[in-house]
1. Put +1 on the Cβ of each Lys and Arg and -1 on the Cβ of each Asp and Glu in the range 129-229; which of Ile172, Val154, Gln191 then has its Cα farthest toward the positive end of the dipole?
2. Full-extension gain between Lys178 and Ala58, please, as 0.36 nm times their residue separation minus the C-alpha to C-alpha distance.
3. Tell me the Rg and the Dmax, in Å, that the Cα atoms of the range 42-143 produce.
4. Nearest 20 debye, what's the magnitude of the dipole of the chain about its Cα centre given +1 on Lys and Arg Cβ and -1 on Asp and Glu Cβ?
5. Each label point is 7 Å from the Cα along the Cα-to-Cβ direction; what then is the distance between the points at Lys165 and Thr152, in nm?
6. Just want the answer: with Cβ charges of +1 for Lys and Arg and -1 for Asp and Glu, which residue in Thr120, Ala48, Ala58 is farthest toward the dipole's positive end in the range 42-143?
7. So how strong a dipole does the range 64-111 carry about its Cα centre when Lys and Arg Cβ are +1 and Asp and Glu Cβ are -1, to the nearest 20 debye?
8. Rounded to whole Å, give me the distance from the Cα center of the range 16-51 to that of the range 158-221.
Amino acid sequence: MEEMMAKRETKAERQARVLKVLEALDREYGTSYVCYLNHENPWQLLIAVILSAQCTDARVNMVTPDLFRKYDSPKKFAQADLKELEKDIHSLGFYHMKAKNIISCCQDLVEKFGGEVPRTMEELTSLAGVGRKTANVIRGNIYHEPSIVVDTHVKRISRKLGFAKEEDPEKIEYELMKVLPKEHWILWNIQIITLGRSICVARNPKCSQCFLEKLCPSAGLEPSQKRED
């Protein structure tokens, strides 16, 4: 690790390290597609992702069972009373904007897409409350389109590993698209979220317990030295 930091890593060396990191992640976490937001269909996942902004998946999963029983179709959400929907999702924070976006989003789903969740980036990002991150969650989890979701875990750990340098999530997405094999784009988000929640915790990373320690340029460094800083 000290040697890795002492000299600049070549493109070939980094690519070899990328493959070793992916192999280690696959061994540790497997290669099954997992979604941490509970849903039964595409539109429920879309609503759940909108609700998850600035909120944990676990908290969203506590609210959505009752919410999806009350509003059991995009049409029901499209016709929802704003104040009532705000009360229904109040515990998730930013409830006014989320409620407003959900109603507008579902109105477009019904009126423009026949109640179906579209699959292209352009169509998805035309919906209220849907940015590239949300669109990529849908494209990856529902349509299995190769996509990279840059959430806080992916941003932080990708930078720690030296696979990304940018701060902007969209720019990091494009950086990772150049570094990671296309067949591993969806898995990267799933595996890195698991790593970030269990070992590479933001405030207190457990570097000595991490199976990627010898492959990570930031392992064991003081906060001021870490690549993400």
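1. Result: Gln191, furthest along the dipole toward the positive end.
2. Extra length available between Lys178 and Ala58 comes to 40.0 nm.
3. Using the Cα atoms of the range 42-143, the pair Rg, Dmax is 12.3, 33 Å.
4. 420
5. 2.7
6. Ala58
7. 80
8. The two parts, judged by their Cα centres, are 14 Å apart.
The values are calculated or read from the model by the stated rules, or taken from the named source; none is laboratory data. This one's a predicted model, so the numbers in the text were calculated from it and none came from an experiment. Note: ideal-geometry Cβ built from the backbone for every residue, glycine included; neighbour counts use all protein chains shown. What goes into the accessible areas is simple: the full protein's heavy atoms, side chains included, and nothing from ligands, DNA or RNA. Shrake-Rupley method; radii C 1.70, N 1.55, O 1.52, S 1.80 Å.
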